[in-house]
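Single-structure report; data block below.
The values are calculated or read from the model by the stated rules, or taken from the named source; none is laboratory data. Small disclaimer: the values here were computed from a predicted structure and weren't measured. Positions of Cβ are generated from backbone atoms using ideal geometry, with glycine treated the same way; all protein chains shown enter the neighbour counts. Accessible surface is based on the protein model in full, side chains and every heavy atom, while ligands, DNA and RNA are left aside. Shrake-Rupley method; radii C 1.70, N 1.55, O 1.52, S 1.80 Å.
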Amino acid sequence: MPPRLGFIGLGAIGRPMAEHIAAAFDTVVWNRTAERAATFAKETSAFAAGSPREVVEQSDVVITCLPTSAEVMGVVKDVGDAWRKGQLLIDATSGDPTGSKNIAAHLEPFGVGFVDAPVSGGTDGARAGKLTVMLGGEEPWVSLAADVVAPYAGKVQHVGPVGAAHALKAVNNALLAVNIQAAGEGLAALVKLGVKAEVALEVINSSSGRSNVTENLFPKRVINRAWPRTFRLALLDKDVGVALQVLEEYGVPSGSIREAKRALGEARKVLGEEADHVELVKEIERVAGVEIR
Ligand code: NDP
């Protein structure tokens, strides 16, 4: 029998992931803003539940996709004693390793498994069902999680025990942030001295400084001034904070990541909670007095 799925958190990336889940399994969803869950149920074969507890009562495996581990723990506790032995919680949130271990410890007495399963690939990857999914946890839960996330995954990789996947995701996003900041600063200077952004990117993208940021984000979002909102800067700020905690815990130098965290924190204050992560470049442009185009 295929498992019955519960999905909690139909945000920018949760919703397209849940679409793939609903197409593959019997699925029940819950979202804090109920209207979003009702619309989702209308447009898919899924049912909308009235509470996280109802989701857990009707599912074998539950996927959460919320802003941070704190909201996941909130939902897990709201479910109260409705958790049943043999159930699995897969947390697709970009959470933090300590939060994951605490959630796993809360569920363990119920006989419920926990796997941290953050994703990369953005909302485009989610729509295409091609996300990279990192798994942190133990068998037999990891194998079950790998089967369940398959409908939205292009690549699934078990990376270590509970919390390891959240640590890896945070480090990945710290690299993204460092790259956005460095590319923004470098290109702002080049444009000011008279080099066209498009020309600079063409050279960088056939040279050793290239990255996903210069190959995709700048051409598709910055130099055409499109600035789509797909991944909130506030969430990237949170991820870089998680990465910093991990580095500090292990006594590793963290200068570049600390600097990206500072820049994101300042941009977040100016641009607000809804700004996209690439809008960090707008702050660099404002201070530099130039548009990168
Ligand atoms: P959004 O901000 O778009 O959505 C957040 C979701 O969490 C919404 O469903 C929201 O409900 C719900 N929520 C917020 N607070 C609470 C709460 N206290 N209790 C219950 N539900 C709550 O975020 P994303 O979908 O973009 O991101 C979700 C996770 O995935 C984050 O950890 C993010 O870092 C990660 N991620 C995002 C990517 C992206 O490209 N967007 C890429 C990779 C990872 P409501 O509808 O009521 O607001």
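With the cut-off at 16 Å, report for segment 57-98 the share of all Cα pairs above it, as a whole percent. Looking at segment 57-98, the distances longer than 16 Å represent 34 percent of pairs.
Applying 1/(1 + (r/R0)^6) with R0 = 51 Å to the Cβ-Cβ distance of Glu273 and Met1 gives a FRET efficiency near 0.75. Take the Cα of Glu215, step 7 Å toward its Cβ, do the same at Ser120, and the gap between the two points is 1.3 nm. Measuring nothing but how far apart in sequence close Cα pairs (under 8 Å, 6+ apart) lie, relative to its length, the chain scores a relative contact order of 14 percent. Around the Cα centre of the chain, unit charges on the Cβ atoms of Lys, Arg, Asp and Glu (plus for the first two, minus for the last two) sum to a dipole of about 680 debye.
If R₀ is 25 angstrom, what is the calculated FRET efficiency for the pair Ala105 and Ala12, using the beta carbon separation as r and rounding to 0.05?
Numbers: r = 30 Å, r/R0 = 1.18.
Step by step, r from the Cβ atoms, then E = 0.25.
What is the calculated FRET efficiency for Ser206 to Ala24, with r their C-beta to C-beta distance and R₀ = 35 Å, to the nearest 0.05? Don't skip to the end; give the middle numbers.
Details: r = 40 Å, r/R0 = 1.16.
E(calc), rounded to 0.05, equals 0.30.
Toward the positive end of the charge dipole of segment 78-155, with +1 on the Cβ of Lys and Arg and -1 on the Cβ of Asp and Glu, the farthest Cα among Gly111, Gly99, Ala146 is that of Ala146.
Give the ranking of His20, His166 by solvent-accessible surface, highest area first, calculated with a 1.4 Å probe. Can you show the working numbers first?
Numbers: His20 45, His166 0 Å².
Most to least solvent-accessible, the answer reads His20, His166.
Amide H contacts of Gly6: Val28, Asp60, Val61, Val62, Ile63, each under 5 Å away and 5 or more positions distant or on a separate chain (H built 1.01 Å from N in the peptide plane; Pro and chain starts excluded). How far, in degrees from 0 to 90, does helix 164-192 lean away from the longest principal axis of the Cα atoms of the chain, to the nearest 10? Orientation of helix 164-192: about 20 degrees from the principal axis. Between Glu43 and Ala70, the modelled labels are 3.0 nm apart [label points 7 Å from Cα along Cα→Cβ]. Shape descriptor for segment 214-293: Rg over Rh equals 1.01 (Cα atoms; Rh from the Kirkwood inverse mean 1/r). Rg then Dmax, both in Å and based on the Cα atoms of segment 96-192: 16.7, 61.
Residues whose amide H lies under 5 Å from that of Ala153, counting only those 5 or more places away or on a different chain, are Leu131; hydrogens are built 1.01 Å from N in the peptide plane. For segment 119-246, the Cβ-based charge dipole about the Cα centre amounts to some 520 debye (Lys, Arg positive; Asp, Glu negative; other atoms uncharged).
Sorting the Cα pairs of segment 5-68 by distance into bins of 10 Å, from 0 upward, gives 27, 63, 10 percent per bin. The label point for Thr98 and the one for Asn172, both projected 7 Å from the Cα toward the Cβ, are 2.4 nm apart.
Fully extended, how many nm does the chain gain between Ala34 and Ala226 (0.36 nm per residue separation, minus their Cα-Cα distance)? Don't skip to the end; give the middle numbers.
On the way: separation 192, 0.36 × 192 = 69.12 nm, distance 3.04 nm.
Stretched fully, the Ala34-Ala226 segment lengthens by 66.1 nm.
Please list, ordered by chain and number, the residues whose modelled amide H lies under 5 Å from the amide H of Arg293; skip anything fewer than 5 residues away on the same chain. When sequence neighbours closer than 5 places are left aside, the close amide H contacts are Ala197. When the Cα gyration tensor is reduced to axis lengths a ≥ b ≥ c, the ratio a/c stays below 1.5 for segment 1-155, which is therefore classed as rounded.
For segment 1-127, the relative contact order is 25 percent, taking Cα pairs closer than 8 Å that sit 6 or more residues apart in sequence and dividing their mean separation by the residue count.
Were the residues from Leu193 through Lys77 laid out at 0.36 nm apart, the gain over their Cα-Cα distance would be 36.2 nm. DSSP bridge analysis restricted to segment 38-192 gives an antiparallel fraction near 20%, rounded to the nearest 5. Across the chain, counting alpha-carbon atoms alone, Rg and Dmax equal 20.0, 65 Å. With unit charges on the beta carbon (Lys/Arg positive, Asp/Glu negative), name the residue among Gly160, Ser256, Leu176 whose Cα is farthest towards the positive pole of the charge dipole of segment 158-293. Farthest along the dipole direction, towards plus: Leu176. Our estimate of slack between Arg262 and Val159, defined as 0.36 nm per intervening residue step minus the Cα-Cα distance, is 34.2 nm. Cα-Cα over 31 Å: which of Lys220/Lys261; Lys192/Lys269; Lys169/Lys196; Lys196/Lys238? Pairs exceeding 31 Å: Lys169/Lys196; Lys196/Lys238. When +1 charges are put on Lys and Arg Cβ atoms and -1 charges on Asp and Glu Cβ atoms, the dipole computed for segment 1-115 relative to its Cα centre reaches about 20 debye. Rolling a 1.4 Å probe over the heavy atoms of the protein chains gives segment 109-176 an accessible area of 38 Å² per residue.
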